[in-house]
1. When the residues of the range 23-55 are narrowed to those that are in contact (Cβ under 8 Å) with a residue 24 or more places away in the chain and in contact with a Ser or Thr (Cβ under 8 Å, 6 or more places away or on another chain), which ends up nearest to Ser105 (Cα to Cα)?
2. List, please: which pairs have Cβ atoms under 6 Å, are six or more places apart or on different chains, and start with a residue in the range 1-21 that is closer than 13 Å to Gln116 by Cα and end with one that is part of a strand (DSSP E or B) and open to solvent by 40 Å² or more (accessible area, probe 1.4 Å)?
3. Answer with yes or no whether Thr60 is within 15 Å of the chain's Cα centre (by Cα), surrounded by fewer than 17 Cβ atoms within 10 Å (Cβ to Cβ) and assigned to a loop (DSSP other than H, G, I, E, B).
4. Taking the range 66-78, which residues are among the aliphatic types (A, V, I, L, M) and either in a loop (DSSP other than H, G, I, E, B) or touching a residue at least 60 places away in the same chain (Cβ under 8 Å) (or both)?
5. Among the residues of the range 79-116, write down those that are open to solvent by 40 Å² or more (accessible area, probe 1.4 Å), without any contact (Cβ under 8 Å) to a residue 60 or more places away in the chain, on the phi < 0 side of the Ramachandran plot and not hydroxyl-bearing (Ser, Thr, Tyr).
Amino acid sequence: QVQLVESGGDLVQPGGSLRLSCAASGSISSTLIFSTYVMGWYRQAPGKQRELVALISRITDTNYADSVKGRFTISRDNTKRAVYLQMNSLKPEDTAVYYCNARRSTRDVYWGQGTQVTVSS
């Protein structure tokens, strides 16, 4: 069984910053196995579909949604089995539940329970 646990969500004012963390445990808890997964952050705002925010590959190539380019940074630490999302210059439209995702194939996909990010003055 795989567990992904997100943390770091909070209420923040526009222009502020947050750092989300996702820790993996269970069957992908070893450094070697964790490193074989593509890790990602997705978000879902009320009434909207879940959307990709950022991905980081096994060789740390990154990919971002156009709406967050230049403001968000995804990173991973395989030794800690963790992935992070540094979010700067936050906007009200960034308000959503943010989910961590681990994927190695179409049948080997895991999700966290989500963490709430609210950007409001």
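The values are calculated or read from the model by the stated rules, or taken from the named source; none is laboratory data. The structure presented is a predicted model; accordingly, all values stated were derived computationally and were not measured. Positions of Cβ are generated from backbone atoms using ideal geometry, with glycine treated the same way; all protein chains shown enter the neighbour counts. Ligands, DNA and RNA are stripped out before the accessible areas are found, and what is left, the full protein with its side chains, is counted by its heavy atoms. Shrake-Rupley method; radii C 1.70, N 1.55, O 1.52, S 1.80 Å.
1. Val38
2. Val5/Ala23; Gly8/Arg19; Gly9/Gln116; Leu11/Thr118; Arg19/Gln86; Ser21/Ser7
3. In short, yes.
4. Val68
5. Correct list: Lys80, Glu93, Arg107, Val109.
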